[in-house]
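Rule-based calculations on the coordinates, nothing more; no lab input. Remember, predicted model here, so these are calculated numbers, not experimental data. FYI the Cβ positions are ideal-geometry reconstructions off the backbone, even for glycines, and counts take in every protein chain you see.
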Amino acid sequence: MVDTHCHLHFPQFKEDLEDILEKIKEKFSFVVNVGISLKDSLKALNLALKRENIFSTFGIHPHEAKDANLEEFETAFKKLYSEYKHKIVAIGEAGLDFYRNLSPKKVQMEVFEFQIELAKKYKLPLVIHCRQAEKDLIEILKEKGKDVKGIIHCFNGNKDLLKTALDLGYFISYSGIITYPKNENLRETVKYVPIDQILVETDSPYLAPQPVRGKRNSPLYVVYVIQTIADLLDIDFLEFKRIVTVNAKRAFNLPLSLKELRFDPTIKVKNTLYIYLDNPSHEKEIKFFFGKNISKLPYKEDLCAGHILYLIKNPKLYDKIVFVLENPNEHILKLANECKEYLEKRNVHVEVKHGRNSEICRFFGQKII
Ligand SMILES: [Zn+2]
Ligand SMILES: [Zn+2]
């Protein structure tokens, strides 16, 4: 399990911090403890240094922009990053907040752009906060956000921002607000986000999910966010938990375990088995399928129908088997058809679908807006 955005060093956790840290140690792969100013980022780092599976970020929240000294911030960051590279995993939270406007708009923009440059310079992901500032944010990101790995934290459902963020290959992080009854529009967006770009967070101590709404939030409540999205996507809770954990490691450049790198291009959704067959000549450094790294699949000329049938194991377990082909070459096409023929002779319902089908898009992460 993961929480990609929380503020554990805030005073709201004073009473029971040790308790929570113990539970995090037990139940979580990791959490990211987010800083909102230089002083606060130091506190966030201090806490991260206490526990193995807590990481921290360095950033200036738009509310804090008016008090920030950028030169001082960069000097301190540079020094601490060289010492604690293994703990500082991102720049942010940075961004724009025109809802409360606690810092002048112009200063917010300046401080945000400064942090974009810092993220680029240090090749770190950028945690982006946005409230009632989508238009300006989109403009800045289109112009300056190209070479950054962005994370839209606490995504609020704005479709224009979603489109821009997805086009830039950013991660979309959903918080507890996705569980609130009135947020139907936000829940609707889930199906447009490629599954390998979804993250989950709590933003605790704020924004407790519906079942515990009004209470102080905690990373432990991230389960409500995971469950809500898993239900929306019709994916098993444990499978989705695994996927968002892998996604979070990719987002923050943390190493994947051998198990997480396993080569399994199949996924079961309800009673359908989907098998993803990519084109080997379609060279991508790493290709993720529902959080599974399939870059090392044996998609060479020596791949035969037997390999694919082996992946299916017992076809009688499924109502339907779907071969999903993205840019297939002739060899892959031939294999898919061979398998189809073989299975149909045994009364198994088989479909072969090509990339840009909306159902497939939903499952295989194509951008469809
Ligand atoms: Zn925020
Ligand atoms: Zn936050």
Sorted by average packing, counted as other Cβ atoms within 10 angstrom per residue and highest first, what order do 240-246, 187-193 take?
240-246, 187-193
Toy charge model, Lys and Arg Cβ at +1, Asp and Glu Cβ at -1: the chain dipole around Cα centroid in debye, rounded to 20, equals 440
Show that you can apply the helix-only estimate: for the chain, add -39,500 (n - 2.57) for every DSSP H stretch of four or more residues, divide by all residues, and state [θ] at 222 nm to the nearest 500.
-11500 deg cm²/dmol
In the chain the DSSP beta bridges are antiparallel at a rate, in percent to nearest 5, of 15
Kindly rank 204-214, 1-11 from highest to lowest mean number of other beta carbons found within 10 Å of each residue.
1-11, 204-214
Evaluate E = 1/(1 + (r/R0)^6) for F98 and Y180, where r is the Cβ-Cβ distance and R0 equals 22 Å; express this FRET efficiency to the nearest 0.05.
0.50
For K27, put the label point 7 Å out on the Cα→Cβ axis and report which residues of region 220-234 keep their amide N under 19 Å from it.
220-231
